[in-house]
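Undergrad: Mind having a look at this structure? Questions to follow.
The values are calculated or read from the model by the stated rules, or taken from the named source; none is laboratory data. All values derive from a computational prediction rather than experimental measurement. Because the Cβ atoms are built from the backbone with ideal geometry, glycine has one as well, and the counts that use them run over all protein chains shown. Only protein heavy atoms, including side chains, enter the accessible area calculation; ligands, DNA and RNA are left aside. Shrake-Rupley method; radii C 1.70, N 1.55, O 1.52, S 1.80 Å.
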Amino acid sequence: MILKRMGQGILVLFVLETVTFFLIRMLPGHPFMGEKKLPEHVLHQLQASYGLDQSALVQYGRYWWNMLAHGDLGPSLVKEGISVADMIGQSFPVSLQLGVLGMVISIMVGIPAGILGALYKNRWIDWWVMLVSMAGICIPAFVVAPLLGVGLGMHVPGLSVAGWDSPGCVLLPALTLGLVNAAYLARLTRGGMLEVLGQDFVRTARAKGAGPFRVVWKHALRGGLIPAISYLGPAFAAMITGSFVVETCFQVPGMGQHFVNATTDRDYFLIQGLVLFYGILIVAANLAVDLVQMAVNPRLRAES
């Protein structure tokens, strides 16, 4: 099963990169557009220096050859003298730190909230959990970020609302990412726990005198977390590759800025490198989710 998933992942990456390669070349304009129009001979020289004067098929073959044979993602077409690999290598550690902390916050908030909502179904705790989680789903990050910046950043000593040069700069953007994802986790955990808590083996455990903590920890938690685990893989990959909105609001020098800037600047090689990097993370995260699900679900182990 794992080998099959790995093969599917490689195929997905190939298709994703191929579609991206040809789609971005269908965009109007070119990477060397500016406020001042370049003379035709200068534009031709620039295109020739990067191999953009050749046909799309020749560029496509050369791109795969350079990447597979030399591990070269190409240079940035906008920032002269900087390779795509260097740009990703400089910004990814920042997004990784931010994403890991945000995921820890979302797990610590969302999963306990979902469990409480399931245990106290249709009571005031459940109502509050569902109300807050629905608000977290509906309110976008570009609204949550300024609210946290004004509500906490301006009143709590040590917190900073911009930059990435001190420990106080990390908490607010991580909290923004974490709370938005915690809302989804709470609802998924509540739904999974309710399904498991209604099964016969849980009712039998309660009839034998097992307390709420034992019922949840020993009997229901493993099966109840399966929907949340399925969500965590892609969510984690998205968080560690950067959020343009959150990074812009708090002036974090992460990868999120490159996704938007590369598109507006028509930086072909940077777009291709970012899409490939993001795709690899998604495939790896889904593979990790499959392994975790096999560990918590005996039926999946038997099928594999």
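Undergrad: Of the residues Y50, Y63, which is in contact with a strand residue (DSSP E or B) (Cβ under 8 Å, 6 or more places away or on another chain) and more than 29 Å from E247 (Cα to Cα)?
TA: Answer to the selection: Y50.
Undergrad: Please pick out the residue among S95, S91, S106 that is touching a Pro at 6+ places or on another chain (Cβ under 8 Å), open to solvent by less than 50 Å² (accessible area, probe 1.4 Å) and part of a helix (DSSP H, G or I).
TA: Checking each option against the conditions leaves just S91.
Undergrad: In region 118-139, is there at least one residue being in contact with a Ser or Thr (Cβ under 8 Å, 6 or more places away or on another chain) and either among the acidic types (D, E) or open to solvent by less than 30 Å² (accessible area, probe 1.4 Å) (or both)?
TA: Yes, region 118-139 has at least one match.
Undergrad: Out of D72, D86, which single residue is in a loop (DSSP other than H, G, I, E, B) and within 25 Å of the chain's Cα centre (by Cα)?
TA: D72
Undergrad: Kindly list, by first and then second residue, each pair from a residue in region 30-55 that is more than 16 Å from P75 (Cβ to Cβ) to a residue that is modelled with pLDDT under 75, limited to pairs with Cβ atoms under 8 Å and residues at least 6 apart or on different chains.
TA: L38/F32; L43/H30; L43/F32
Undergrad: Another question about this same structure. Give the residues of region 164-203 that are assigned to a helix (DSSP H, G or I), out of contact with any helix residue (DSSP H, G or I) (no Cβ under 8 Å at 6 or more places or on another chain) and over 29 Å from L147 (Cα atoms), sorted by residue number.
TA: The answer is D200, R203.
Undergrad: Continuing with this model, one more query. For region 230-247, give me the residue count where each residue is surrounded by 21 or more Cβ atoms within 10 Å (Cβ to Cβ) and either more than 15 Å from I88 (Cβ to Cβ) or among the hydroxyl-bearing types (S, T, Y) (or both).
TA: Here the count works out to 8.
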